[in-house]
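> First the structure, which I've put down as structure tokens, then a few questions once you've had a look.
The values are calculated or read from the model by the stated rules, or taken from the named source; none is laboratory data. A quick note: this is a predicted structure, and the numbers were derived from the prediction, not measured. Neighbour counts are summed over all protein chains in view; Cβ atoms, including those assigned to glycine, are modelled from backbone coordinates with ideal geometry. For the accessible areas, the whole protein counts, side chains as well, though only heavy atoms, and no ligand, DNA or RNA atoms are used. Shrake-Rupley method; radii C 1.70, N 1.55, O 1.52, S 1.80 Å.
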Amino acid sequence: MTQTIYLDYAATTPVDPRVAETLQQYLTPDGIFGNPASRSHAVGWQAEAAVEQARARVAGLIGADSREIVWTSGATESDNLAIKGAALANQARGGHVVTSIIEHKAVVDCFQWLEEKGFEVTWLEPDEYGCIAAEQVEAALREDTILVSLMAVNNELGSINPIAAIGSLLRERGVLFHVDAAQASGKMALDVARMPVDLMALSAHKVYGPKGIGALYVRRSPDVTIEAQMHGGGHERGLRSGTLATHQIAAMGHAFSLALEEGEAEAERLEALRSRFIAGLQGLEGVRVHGPETERVPGILNIGFDGVDGESLLLALRGIAVSSGSACASATTEPSYVLQGIGLPPEKAQGSLRFSMGRFSTDAEIDTAAERITEAVQKLRERSAARRATV
Ligand SMILES: *Cc1c(COP(=O)(O)O)cnc(C)c1O
């Protein structure tokens, strides 16, 4: 491997080596490779036991009951199942749904699909820090509102929404609440016993587990009805058919149990790294940290550099893996819709980068990154000043 400094943990995390070891144990003839749905022999029973242990571990991180966890292929599928599934199962009660303009594409695109199908969508606008207030949600509710979907933590800003407060008011009004918690799990305490949410999307690869596996929390009490989006053998109580990926599931369970054990200490360490990184950029003028001061997770830092084009800065920072927005939108060079959604003009959004740190980030990496960024920004600014002088 080259000496790339990886600061894109919000796009994906490497698999923790301890988790990778688990992954290995569920594949080969000497491992637990069975089909968990095979009821007639021990090979199947062993796989089923592994799946159920993992289910309890994933449930454990969010304070849920094992029976409330449905395996999916990732948070994108979980969002699809929750949003389409809840809207379609409850359309007899009304056709109005609510979300925000800075949700992940997996949510935004589901709501656009619902709009095409005839549902009416209210698109809430966040404040300048990327947060949605409970009062805003309350003001958007109507007699025919059936579903609200908001993210717990924004993937570009790290901002935290007041999920418990919003959940309480929606519970009172009998409106279903889906929360995309892909960026929240492992980064902050989540407890569905104290947060009245009905549906919650989770992903393994943001929490040091493998890609291609996720889960949807579906509340049992009060009972939440959703329509399956994948039909087949009736796995997962009919909500998501398809042979369970035992190795992925066991690995996700392990990753989530590590997050439960180590998450709090990790957040403290990341907070210190964050301060160190910001201090390392002190030599630069015109640096703006986007997102809230306090209502945020420590690992995601979105920074605007005045007068600098983000794409040029990305190129100048070869050897440091960062992104100019979410990985899902980085096929385009359009300025981030999230940053524009918090009111940044396109050129300021374009001049911003997301730095996200995680479990394997070190002090030395953060120091080197800050130095390299300082140099690169100064050089780009000098170059554009020189260009202006010759015009
Ligand atoms: C990464 C991410 C997703 C998508 O998760 P996948 O498991 O990659 O499908 C959805 N929502 C948020 C907020 C994310 O950060």
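> Pairs of Cα atoms under 8 Å, at least six residues apart: use those to get the relative contact order of the chain, whole percent.
23
> Next question, about the same structure. Just how many % of Cα pairs in region 17-258 lie over 29 Å apart, if you round to the nearest whole percent?
Pairs farther apart than 29 Å: 27 percent.
> Also, quick follow-up: Please report the net charge: other residues with Cβ closer than 10 Å to the Cβ of Ile303, K and R +1, D and E -1.
Net local charge, Ile303 excluded: +2.
> Follow-up question, since we're still on this one. Expected output is a single nm value to one decimal: the length gained when fully extending between Glu268 and Ser384, i.e. 0.36 nm times separation in residues minus the C-alpha distance. What is it?
37.9 nm
> Label Lys105 and His231 with points 7 Å out from Cα along Cα→Cβ: what is the distance between them in nm?
It is 2.9 nm.
> Could you order peptides 229-239, 196-206 by the average number of other Cβ atoms within 10 Å of their residues, highest first?
My ranking of the peptides, most packed first, is 196-206, 229-239.
> Here's another thing I want to ask about it. Any idea how far apart Arg173 and Leu260 come out in nm if each label point goes 7 Å out from Cα toward Cβ?
3.4
> Starting from the 7 Å offset along Cα-to-Cβ, what nm value, one decimal, do you get for the label separation of Ser275 and Arg194?
Simple spin-label model gives 2.4 nm for this pair.
> Could I ask something else about it? At 222 nm, what value in deg cm²/dmol follows for the chain if DSSP H runs of at least 4 each add -39500 (n - 2.57) and the sum is divided by all its residues, to the nearest 500?
Helix contribution divided over all residues of the chain: -12500 deg cm²/dmol.
> Could you work out how far helix 363-390 tilts from the main Cα principal axis of the chain, as a 0 to 90 degree angle to the nearest 10?
The angle comes out at about 50 degrees.
> Of all accessible surface on the chain at a 1.4 Å probe, what whole percent is carbon and sulfur?
That fraction is 51 percent.
> Using the heavy atoms of the protein chains alone and a 1.4 angstrom probe, what is the accessible area of the chain per residue in square angstrom?
Value returned for the chain: 43 Å² of accessible area per residue.
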